[in-house]
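Notes follow the structure.
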């Protein structure tokens, strides 16, 4: 075990900003091969992105939610898929921090370890001597092709007929990969399906999921790191929206890069930048991007404040961060769509990066946790005095 000096949040953001050209350079390759280019992964490792949620005793930064969020948003300015995979790895690393020390030592012994994971319990685990035997599959396993480990959810069938959700720490070579990631957006995220067939997982790599979701896991009581005093879903809501901020900023930058010299076809405007409609579109897009950042930044700030204070979470507070995630994702999507529309017919060509930004944003927006309709309804239920209709809160 070792410790490293924690860079300041601004230093981490600056390091990440320096690798944006690398992400952009390999974005087309990533789309074509449906995985991140190795140089992109190496650049993120060199910038310290993979150490964000790694515990300090293993040489990581144990960064708070706000710092993690800022770095992931910066990545989104370069490539949506890279930002999304880095987000999943950050969440997987955080989740691994709940496992027993024996498991952490095993997993975190790999330098710049990459840990993906799926929270949906779409596999069954049967208790056997010394562990469980798992069968099932996990779809949308982002970054799986380049991960070392997964923290995947399953349901354990107990002898008394009850069932318990658990997280499993699984080495990637132990699962089968189904090459089914043929999509319109986030293509380079390599979010393939992985399958477990009679997979034995030892007891020390099986973690009860219920306490982590509820925020009452034993490791959260007096834990050395405030990061593990927070329930799963608020942490997720403070993390997974970050790439959307970067994509909105990328759309603004790309639009402005193409603006000089562009005409508005079939009009008298020799310069698009002279047209009042362009001014209105830019003003609205800037406002939408800022509003997205407000909602998503606030989620991270709430998580950090409550984790440091060790405060309990009310149901309304949990629903509120999901509301903020949906609101931020919606506004980021609206900003990107507005700027894509303003980019004209030439923006549909494959060599116009803004079309990839729009497709990545659309794919991200459809994620079950980010989708605003689900989050708005959930908060409305709670505010109306009804119980939440999900355990993912």
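The numbers here are math on the coordinates, done by the rules we state, and not lab data. Computed from a prediction, not measured in an experiment: that's the story for all the values here. Ideal geometry is used to build each Cβ from the backbone, glycine not excepted, and the neighbour counts take in all protein chains shown.
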Helix 315-342 vs. the chain, principal-axis angle (Cα, 0 to 90°, nearest 10): 30 degrees
Per q in 0.15, 0.20, 0.22 Å⁻¹, report the Debye log10 I(q)/I(0) for region 264-310, using one uniform scatterer on each alpha carbon and no solvent. -0.57, -0.72, -0.78
What is the distance, in nm, between label points placed 7 Å from the Cα along the Cα-to-Cβ direction at residue 178 and at residue 374? 1.9 nm
Going by C-beta contacts inside 10 Å, put 93, 103, 239 in order with the fewest on the left. 103, 239, 93
In the Gaussian network model of the chain, springs joining C-alpha atoms below 10 Å, which of 77, 306, 263 carries the largest mean-square fluctuation? 263
Taking only Cα atoms, what is the 0 to 90° angle, nearest 10, from helix 9-18's long axis to the longest principal axis of the chain? 60 degrees
So how do 377-389, 192-204 stack up, highest first, on mean other-Cβ count within 10 Å? 192-204, 377-389
Show me 337-343, 283-289 ranked by packing, highest mean number of other Cβ atoms within 10 Å first. 337-343, 283-289
Dividing the alpha-carbon radius of gyration of region 10-86 by 2.2 N^0.38 Å (N being the number of residues), what value is obtained? 1.06
Residue 350 paired with residue 14, simple spin-label distance in nm, labels 7 Å along Cα-to-beta-carbon: 3.9 nm
With Rg from the Cα atoms and Rh as the Kirkwood inverse mean 1/r over Cα pairs, region 232-383 has an Rg/Rh of 1.09
Under 18 Å from a point 7 Å along the Cα-to-Cβ line of residue 204: which residues of region 161-187 have their amide N that close? 167-172
Using every alpha carbon pair in region 1-150, what percent of pairs falls into each 5 Å bin from 0 up to the bin containing the largest distance? 2, 9, 18, 21, 19, 14, 9, 5, 2, 1, 0
Could you work out the relative contact order of region 118-259, using alpha carbon pairs under 8 angstrom and six or more residues apart, expressed as a whole percent? 22 percent
Plugging the Cβ-Cβ distance of residue 214 and residue 128 into 1/(1 + (r/R0)^6) at R0 = 25 Å yields, to the nearest 0.05, a FRET efficiency of 0.40
Let me know the shape class of region 119-256, please: from the alpha-carbon gyration tensor, a ≥ b ≥ c as square roots of the eigenvalues, rounded when a/c is under 1.5, otherwise prolate if a/b is greater than b/c, or oblate. oblate
Percent of all alpha-carbon pairs of region 295-334 at distances over 16 Å, whole number, is 36 percent
Which of 33, 350 has the fewest other C-beta atoms within 10 Å, and how do the rest follow up to the most? 350, 33
So residue 384 and residue 341, fully extended at 0.36 nm per residue minus their Cα-Cα distance, gain in nm 11.7 nm
State, to one decimal in nm², a quarter of the convex hull surface area for the C-alpha atoms of region 307-384, i.e. the direction-averaged projected area. 6.8 nm²
At what distance in nm do the modelled label points of residue 39 and residue 263 sit from each other, each positioned 7 Å from its Cα along Cα→Cβ? 3.7 nm
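Please give the calculated 222 nm ellipticity per residue for the chain, where each DSSP H segment of at least 4 residues contributes -39500 (n - 2.57) and the sum is spread over every residue; nearest 500 deg cm²/dmol?
Counting only the DSSP helices, I get -15000 deg cm²/dmol.
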The distance between the Cα centres of region 9-49 and region 115-171, in whole Å, is 30 Å
Cα-based Rg and Dmax for the chain, in Å, come out at 21.3, 78
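If I take every Cα pair under 8 Å that is 6 or more residues apart in the chain, average their sequence separation and divide by the length, what percent do I get for the relative contact order?
Once normalised by length, the contact order is 16 percent.
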Rounded to the nearest 10 degrees, what's the angle between the helix 65-76 long axis and the longest principal axis of the chain, both from Cα atoms, 0 to 90? 50 degrees
